[in-house]
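Working notes, structure below.
Each reported figure results from applying straightforward, stated rules to the coordinates on display, with no laboratory input. A quick note: this is a predicted structure, and the numbers were derived from the prediction, not measured. Cβ placement follows ideal geometry from the backbone for every residue including glycine, while neighbour counts extend to all protein chains displayed.
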Amino acid sequence: MRAWRRLCADRVAMVALALLAAFLLLAALSAAGLVAADWEDEVGVSYAPPLFAGAMAASSVSSAAPAQALPDNPFDPLADDIRALRAQLASATATTGVARRATLPLGGDKWGHDVLKKTIKGGETSIVVGLVAALLAVAIGTVFGALSGYCGGVVDDFFNWFYSIFTAIPSVLMILAVAAVLQQKGVLTIVLILGLTGWTAPFRLIRAEYIKHKAREYVLAADAIGASHWRRMFHHILPNVSHVALVQLSILAVGFIKAEVILTFLGFGVPVGVVSWGSMLNEAQGELLLGRWWQLAAAATAMALLVTAFSLFTDALRDALDPKVKP
Amino acid sequence: MLAYTVRRLWQMLPTMLGVVLLVFVLFNWVGGDPAYLLAGKMADAGSIANIRRQLGVDQPYYVQLWIFIKQIVTFDFGLSWATGEPVSQVMATRLGPSLAVLLPLTLMETLLGVALALALASVRGTLTDRLVMLACTVAMSVSILVYIIVFQYGLAYRLGWFPVQGWGGPQYVVLPVLIGLAVSLAPTLRLYRSFVLDEAGQDYVRTARAKGLGERRVMWVHVLRNAAIPIVTQVMSNLPALLIGAFLLERFFGIPGIGREVILAVERSDFPVIKAVTVYVAAATMVFNLLTDLLYQAIDPRVKLA
């Protein structure tokens, strides 16, 4: 409670928390299908510019128009079929009555998807992957750390050996090696890759806390009244060290969101058809050469905002939970 | 000193064995049968059996593990599955370009980081300090991908100051190093600043000031000598990881280095190359950790290696 009050007194932390909450809310709404569920609708013209840069709209529309009225190639054996198809297409657009818009709030991509909705949907993927993977990593690290620190002896030696193996291999290499082995792509795969390789930092800290706590008087008292090892480990000690796990969770979530974006960009992350900030940046790289900067700007800004808020909040959380700076 | 080194090398063995086991389990057990991968889509049973015999995967697991250990010790991982080039040659030829980017980058990053951290620590608590720290947090939150895409487009493609891509001369190194510097300076500065501030509050700093030394001498001689210990640890233990860490730069700029090779190998399921890189980088990480500990003594006479 005191930590919460300390956190509330920190204005930067409150702003960061509000921003973070907004991102999480958007991700939750999008996951529930209430927001941006229709991001795949092709509502705008291809590469529709953003609303505030509407001046370019005229040129892009006029350049699109002559393409429509392409004269028939007299040598094309399929000319009749193509003309029929074109007529069909035109009537389809007319019957649905949806005219493609020339501008969109934050612009459109190659297929005319609304970049704003796409960013929200992509954010959902990136945030969910980051949070779930961080939860997995912290859960593994906490259980291993608790066993290792509490039991000591051979168990501790074994987990330390395991830890030394995972820290000897640089995390980037570890992630890429696991990605190479797990052939199928998917949201679950990338969560597993990040979660199974990221448990080392929480393990080290939780283990140190358990070594410190297991000799404390309240644990000895629990032993005296007959609490089992299991109960002492997870009922008595865990709540007292959970602040370490909480800070680790938020540090790892930031790292994993960044990692997911890079992995997806390289094509080892979420599958084709699922949008994430990484896949948006991948498309945006080519679009930039054509001068279509808005998808890059949208994905990069959204991600930078989220990560800045998350990092500032993590720093404040650590300060608030650290017993050393208690007034 | 010698006895310490020998004992540390001896202690590395179980960890190294663990790394080998982990890589073996990943690629020979979790990874599935490579014969189906290699034989392609139109494979008949005969050619699959043939490939399995060539790779030794029809042998029991303990024989396969023994083959793997022999490969590691003799530096002979056979041929790359994708290109047919010997893996040892792949490693040897890709090391040079990686180091050509890595060494100037590390050197400049460390020097700039130390200088800026010392400058920032002497104005700690002021508005400048807080603004720079905030700028660092913001700079760290922008994805490295965005830095590379924007810099490559802006400086190389649009303005034409640097070659957009390629390898073959000093001019190809400049832009990747600059981008690497832009990305890594913010986290480095934050970290070094905390190292310097840890020292700046010590008693010996007050003593140095009390006997009338100038601020510059206190910071650059007394504080720096002590803050150098965690900084050296940081730089040294990060070096092997950096070899891979520059993979995005290498990929974007077409630099034929180790990192790009790993990405290509993951894309092509070229297991021998990934296995070799993983094992040797892990070994390098452990050796560099030992070197760091040995360097401690040179920097800090109080440290006794026992």
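Just a few scattered comments:
- Calculated [θ] (222 nm, deg cm²/dmol) that DSSP helices of n ≥ 4 give over chain B, each run adding -39,500 (n - 2.57): -24000 deg cm²/dmol
- Once you reduce segment B:42-110 and segment B:256-306 to the center of their Cα atoms, the two points are 17 Å from each other.
- Between the listed residues B:Phe151, B:Val273, A:Asn160, the Cα displaced farthest toward the positive end of the dipole of the protein assembly as shown, a dipole computed from Cβ unit charges relative to the Cα centre, is found at A:Asn160.
- The fewest-to-most ranking of A:Cys8, B:Cys136 by surrounding Cβ atoms within 10 Å reads A:Cys8, B:Cys136.
- Approximate shape of the protein assembly as shown as ellipsoid semi-axes (Cα gyration tensor, √5λ), whole Å, largest first: 45, 34, 28
- From the alpha carbon centroid of segment A:4-53 to that of segment A:271-301 is 17 Å.
- Normalised by the number of residues in segment B:173-306, the mean separation of alpha-carbon contacts (under 8 Å, six or more apart) gives a relative contact order of 22 percent.
- Charge dipole (debye, nearest 20) of the protein assembly as shown; +1 at Cβ of Lys and Arg, -1 at Cβ of Asp and Glu: 2140 debye
- Divide the volume of the convex hull around the Cα atoms of segment A:217-327 by the residue count and you get 132 Å³ per residue.
- Per-residue Cβ neighbour rank within 10 angstrom, fewest leading, A:Ser276, B:Ser269: B:Ser269, A:Ser276
- Rounded if a/c under 1.5, otherwise prolate or oblate - segment B:120-275, Cα gyration tensor axes: prolate
- The loop-placed chymotrypsin sites (Phe, Trp or Tyr not before Pro) in segment B:98-166, going by DSSP, that have at most 15 neighbouring Cβ atoms within 10 Å of their Cβ come out as B:Trp161.
- Its Cα centre serving as origin, chain A has a Cβ charge dipole (Lys and Arg +1, Asp and Glu -1) of approximately 1300 debye.
- Reducing segment A:140-210 and segment B:119-148 to their Cα centroids gives an inter-centroid distance of 31 Å.
- Projecting the Cα atoms of A:Tyr210, A:Gly198, A:Ala298 onto the dipole axis of segment A:174-327, where Lys and Arg carry +1 and Asp and Glu carry -1 at the beta carbon, places A:Tyr210 farthest toward the positive end.
- The angle separating the long axis of helix A:187-197 from the principal Cα axis of greatest extent in chain A is about 30 degrees.
- Each residue of segment B:6-20 is assigned a 3J(HN,Hα), and the resulting list reads 4, 5, 5, 4, 5, 5, 5, 3, x, 5, 4, 4, x, 4, 4 Hz, derived from the Karplus form 6.51 cos²θ - 1.76 cosθ + 1.60 (θ = phi - 60°), x at Gly and Pro.
- Percentage relative contact order, chain A, counting C-alpha pairs under 8 Å, at least six apart: 26 percent
- Loop-located trypsin sites (Lys or Arg not before Pro) in segment B:37-131 whose Cβ has at most 15 other Cβ within 10 Å (DSSP): B:Lys41, B:Arg124
- Karplus-based coupling profile of segment A:142-157, in residue order and whole Hz: 5, 5, 4, x, 5, 4, 5, x, 6, 6, x, x, 5, 4, 4, 4, with θ = phi - 60° in 6.51 cos²θ - 1.76 cosθ + 1.60 and x standing for Gly or Pro.
- Nearest-ten-degree value, helix A:277-289 long axis tilted from longest Cα axis of chain A: 40 degrees
- Once the Cα atoms are used to define both axes, helix B:258-267 deviates from the longest principal axis of chain B by about 40 degrees.
- Order of A:Trp199, B:Trp81 under a 10 Å beta carbon neighbour criterion, fewest first: B:Trp81, A:Trp199
- Violating pairs (Cα-Cα greater than 28 angstrom) within the set A:Lys214/B:Lys304; A:Lys185/B:Lys275; A:Lys118/A:Lys258; A:Lys110/A:Lys258; A:Lys185/A:Lys258; A:Lys212/B:Lys275: A:Lys214/B:Lys304; A:Lys212/B:Lys275
- Computed over chain A, the range of Cα coordinates on each principal axis works out to 94, 46, 33 Å, biggest value leading.
- Percentage of interatomic Cα-Cα distances in chain B larger than 26 Å: 59 percent
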